[in-house]
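Trainee: Below: one structure in structure tokens.
The values are calculated or read from the model by the stated rules, or taken from the named source; none is laboratory data. From a predicted model like this one, the values you see are computed outputs, not experimental measurements. Here the Cβ positions follow ideal geometry from the backbone for every residue, glycine too, while neighbour counts run over all protein chains shown.
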Amino acid sequence: MINSIKSPRFLVLSLMVLAAAATRALPLFIPHIWNFTAVGALAIFAGAQFNDKRIALLMPLAAMAISDLFIGNGFDAVVYSGFIAMVVCGMLVNKRQNLPNLILSGIAGAVVFYLITNFALFYPVSMYPHNLSGIIASYVAALPFLNNMLAGNLIYGTLLFGSFYLLKQRYPSLAK
């Protein structure tokens, strides 16, 4: 693990993750569309690119925790578990990175995050009743956020994966 941390690949990937994480703090500076950030795409990207899966899980969660400090959000285990699921979506395409698989991982990541974070029974205090109608109401109300995360995953995912692909073409030492 120590050797991988010293590698140019690790440095470039880490800088890309930090830059993508910074989009989460954009509301502090400019108006934005809710859930349209690079954070979901960076979770998928980290899962697909970091060779050490512990680092793949740690990087997006650390980026979330740091950005939560700036945004003022507290730790929400349900949201963090949704991002862990998105990292796993990236891990599933690690060895099979091609356009269809990357699009599928972006879609799957957004849907899994939506399903996990809007399941109303997770929250002891919720604006939705803890029954089937409450769960349905929660999912219906969150559809615009799903659409925004889906768009963010696909657009930012294209930027992250595309940029790293181009960097690897220019600097072969960045390849696995």
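Trainee: Evaluate the range 37-50: report whether one residue or more is under 18 Å from Gly162 (Cβ atoms), modelled with pLDDT under 85 and in contact with a helix residue (DSSP H, G or I) (Cβ under 8 Å, 6 or more places away or on another chain).
Mentor: yes
Trainee: Just to be sure I understand the filter: pairs with C-beta atoms under 7 Å, separated by 6 or more residues or on different chains, first member in the range 165-176 and in contact (Cβ under 8 Å) with a residue 24 or more places away in the chain and over 15 Å from Gln97 (Cα atoms), second member β-branched (Val, Ile, Thr) and part of a helix (DSSP H, G or I). Which pairs pass?
Mentor: Every condition considered, the pairs that remain are Leu167/Val12; Leu174/Val12.
Trainee: Please go through the range 73-99 and pick out each residue that is modelled with pLDDT of 95 or more, in contact with a Phe, Trp or Tyr (Cβ under 8 Å, 6 or more places away or on another chain) and more than 19 Å from Phe145 (Cα to Cα).
Mentor: Within the range 73-99, Gly90 is the sole residue that qualifies.
Trainee: If I ask for residues that are assigned to a loop (DSSP other than H, G, I, E, B), surrounded by 12 or more Cβ atoms within 10 Å (Cβ to Cβ) and among the hydrophobic types (A, V, I, L, M, F, W, C), which ones from the range 114-145 would you list?
Mentor: Phe119, Ala142
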